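Notes for the one structure printed next.
Each value in this text was obtained by applying a stated rule to the coordinates, not by laboratory testing. Predicted model, so just to flag it, every value in this text is computed and none were measured. Please note: Cβ atoms are built from the backbone with ideal geometry, for glycine as well, and neighbour counts cover all protein chains shown.
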Amino acid sequence: MKERLEALRGEALEALQQVNDPGALNELRIKYLGKKGGLTEILRGMGGLSAEERPVIGQVANDVRGAIESAIDALQERFQREETEARLRAETIDVTLPGKAPASGAVHPLNKVAQELEDVFVGMGYTIAEGPEVEEDFYNFEALNLPKNHPARDMQDSFYITDEILMRTHTSPVQVRTMKQMNGKPVKVICPGKVYRRDDDDATHSFQFNQIEGLVIDKNIRMSDLKGTLLQFVQQMFGQQAQIRLRPSFFPFTEPSAEVDVTCVQCQGHGCRMCKQTGWLEILGCGMVHPRVLEMGGYDPEEVSGFAFGMGVERIALLKYGIDDIRHFYTNDLRFLSQFARM
Ligand code: PHE
């Protein structure tokens, strides 16, 4: 019996040397150590042994089982290690390779500039007021001292929807609405929004563009307040070196009125093509609110005064970024837009 056991060990260990996959290993385990396997079969004969032989053979049988089991365990461990190694090899990544940055969107340059403009004025204590783009003639013109047939209406060619309703040509009607709402109380607002004019589109004109207008009404508001406000604004937007100059102008809703220039952003005032050698760039219109406009808004021009200013967001953006054609803002060419993503 001892010989049979040793033969079984020899056979099993030899067979195990040939094994090279977990499936075959399992088959051998069953073949030699299983309930119906070789070892069990031999041990069935134990009953016929004498009392002295039994422990001896039992010892041998245990040795044989132990030897086969540890051979199997060793193989099992090897297979597992090999599998892990293979998986690690397959899943290896080179962490030093440059990554793929996710494509992210960005704020449109016009919105960016509008937000900057708003921030500057909110920082000076202004609140933001908004109003309808489809507007009544009364708010867009009449209450701004532009009665029907007033020649200055030609300054802003309009899209009429009916005789009394039009697409607003500026954001000034929001100022009228604000005055009426405030009911005689002090006002300090900016009104951002889209406006519409019957212009042919070209490098500097668009039938639809964006404005931001400001209105301040209180006791003792003077032209010097307006000037200081605008200088402060221009320096925050274009840098501390920027200066302004006011040129007399005309708007029906302000008196006196002025057009404001800023030091050329390109040449800092020395004269270049952008400023047509003048050193200055026009950026906005402004003035002291006309007494009749105050009156129509519900204020007593003997008691209070105010200033107003209005500018085109596109124009500010063109100047700030040195862009030569307003149409770039509307055609959504990613080669143009993506330049502003990192600014
Ligand atoms: N509303 C004027 C325009 O659109 C701009 C402006 C606003 C001028 C306020 C003076 C005061 O041209």
Hey, fewest Cβ within 10 Å first, where do Ser224, Ser158 land in order? Ser224, Ser158
Could you tell me which of rounded, prolate or oblate describes the chain, using a ≥ b ≥ c as the square roots of the eigenvalues of the alpha-carbon gyration tensor, with rounded for a/c under 1.5 and, failing that, prolate when a/b is larger than b/c and oblate otherwise? prolate
Partner lysines whose C-alpha sits under 21 Å from that of Lys276, ignoring same-chain residues fewer than 8 away, are Lys320
Quick one: grab the alpha carbon gyration tensor of the stretch 239-325, order the square roots of its eigenvalues as a ≥ b ≥ c, and give me rounded if a/c is under 1.5, else prolate or oblate depending on whether a/b is larger than b/c. prolate
DSSP bridge orientation in the chain - percent antiparallel, rounded to nearest 5: 95
For the chain, which cysteines have no second Cys with its Cβ under 4.7 Å from theirs? Cys191, Cys286
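I need Thr169, Thr278 ordered by Cβ neighbour count within 10 Å, fewest first.
Working: Thr169 21, Thr278 14.
Lowest count first: Thr278, Thr169.
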Under the rule rounded for a/c under 1.5, else prolate if a/b exceeds b/c, else oblate, using alpha carbon gyration tensor axes a ≥ b ≥ c, the stretch 156-303 is classed as oblate
With contacts defined as alpha carbon pairs under 8 Å and 6 or more residues apart, what's the relative contact order of the stretch 113-186 in percent? 35
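When you count, for each residue, the other Cβ atoms within 10 Å and take the mean per peptide, how do 283-294, 85-96 rank with the highest first?
Values: 283-294: 21.7, 85-96: 7.6.
Put in order of decreasing packing, that is 283-294, 85-96.
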For Lys194, the aspartates and glutamates lying under 17 Å Cα to Cα, once residues fewer than eight places off in the same chain are dropped, come out as Glu116, Glu118, Glu130, Glu133, Glu135, Glu136, Asp137, Asp157, Glu213, Glu314
Set of lysines near Lys185 by C-alpha distance (under 21 Å), chain-local residues within fewer than 8 positions excluded: Lys219
Could you tell me the distance between the Cα centroids of the stretch 50-78 and the stretch 271-300, to the nearest Å? 104
Only helices counted: for the chain, with every DSSP H run of 4 or more residues adding -39500 (n - 2.57) and the sum spread over all residues, [θ] at 222 nm is -13000 deg cm²/dmol
